[in-house]
1. Might you check whether a residue that is modelled with pLDDT of 95 or more, at negative phi and assigned to a strand (DSSP E or B) occurs anywhere in region 86-95?
2. Return the residues of region 1-30 that are over 20 Å from Glu110 (Cβ atoms) and touching a helix residue (DSSP H, G or I) at 6+ places or on another chain (Cβ under 6 Å); say none if nothing qualifies.
3. For region 36-46, what are the residues that are loosely packed, with under 14 Cβ neighbours inside 10 Å and either in contact (Cβ under 8 Å) with a residue 60 or more places away in the chain or closer than 18 Å to Phe102 by Cα (or both)?
4. Taking region 47-68 on its own, how many of its residues are open to solvent by 30 Å² or more (accessible area, probe 1.4 Å) and either part of a loop (DSSP other than H, G, I, E, B) or aliphatic (A, V, I, L, M) (or both)?
5. I need every pair where a residue in region 3-16 that is touching a residue at least 40 places away in the same chain (Cβ under 8 Å) and within 13 Å of Pro126 (Cβ to Cβ) has its Cβ under 6 Å from the Cβ of a residue that is part of a strand (DSSP E or B) and open to solvent by 40 Å² or more (accessible area, probe 1.4 Å), sequence separation at least 6 or different chains.
6. Spot the failing condition for Leu80; the list is (1) open to solvent by 30 Å² or more (accessible area, probe 1.4 Å); (2) at negative phi, and only one is missed.
7. Residues of region 86-120 being basic (Lys, Arg) and within 18 Å of Pro58 (Cβ to Cβ), which ones?
8. Only residues that are open to solvent by 40 Å² or more (accessible area, probe 1.4 Å), within 17 Å of Phe51 (Cβ to Cβ) and part of a loop (DSSP other than H, G, I, E, B): list them for region 3-35, please.
Amino acid sequence: MQRIRTLVIQGKEIIAIDYSNLKEAGMIALAIEAKAFIMKTDVPKLIINSFSNTYITPAYVRHMESESVAIKKFIARNALTGLNTPKMMILKGFNLLLGTDFRPFATEREAIEYLLGEPVVEELKPIFTPH
């Protein structure tokens, strides 16, 4: 299963990044890979992430903080799924500290509709499947 892939939904490209079930080292490695993928072109991207069954560690948060300045201009909208209450609190602090507007969503459909800025009218297959 590819952890970073590009989807086309209603004619718009969305980058899907799947952190599900990864431990700290794997999450940081995937973040490094995702940054390179996102920065390949200078066009702001729509991004959906899954953080299901993960634990957000201080080292992961520090890594993301240090990388956020360089990558911020490449992100038009960033939607996150799979967040429980502690992860939402971390995200809130991250957004406040770094001036980002990354948003949590309960479902993939809600996240995609936010990214597209319109309702999903085509059939939406699950983006992130349990590993």
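The values are calculated or read from the model by the stated rules, or taken from the named source; none is laboratory data. None of these values were measured; they are calculated from a predicted model. We place every Cβ from the backbone using ideal geometry, glycine too, and count neighbours over all the protein chains shown. Only protein heavy atoms, including side chains, enter the accessible area calculation; ligands, DNA and RNA are left aside. Shrake-Rupley method; radii C 1.70, N 1.55, O 1.52, S 1.80 Å.
1. There is no residue in region 86-95 that is modelled with pLDDT of 95 or more, at negative phi and assigned to a strand (DSSP E or B).
2. Those that are over 20 Å from Glu110 (Cβ atoms) and touching a helix residue (DSSP H, G or I) at 6+ places or on another chain (Cβ under 6 Å): Arg3, Ile4, Glu24, Met27, Ile28.
3. Once the filter is applied, which keeps residues that are loosely packed, with under 14 Cβ neighbours inside 10 Å and either in contact (Cβ under 8 Å) with a residue 60 or more places away in the chain or closer than 18 Å to Phe102 by Cα (or both), region 36-46 yields Met39, Val43, Pro44.
4. 5
5. Ala16/Arg5
6. Of the numbered conditions (1) open to solvent by 30 Å² or more (accessible area, probe 1.4 Å); (2) at negative phi, the odd one out for Leu80 is (1).
7. Lys87, Lys92, listed by residue number.
8. Arg3, Asn21, Lys23
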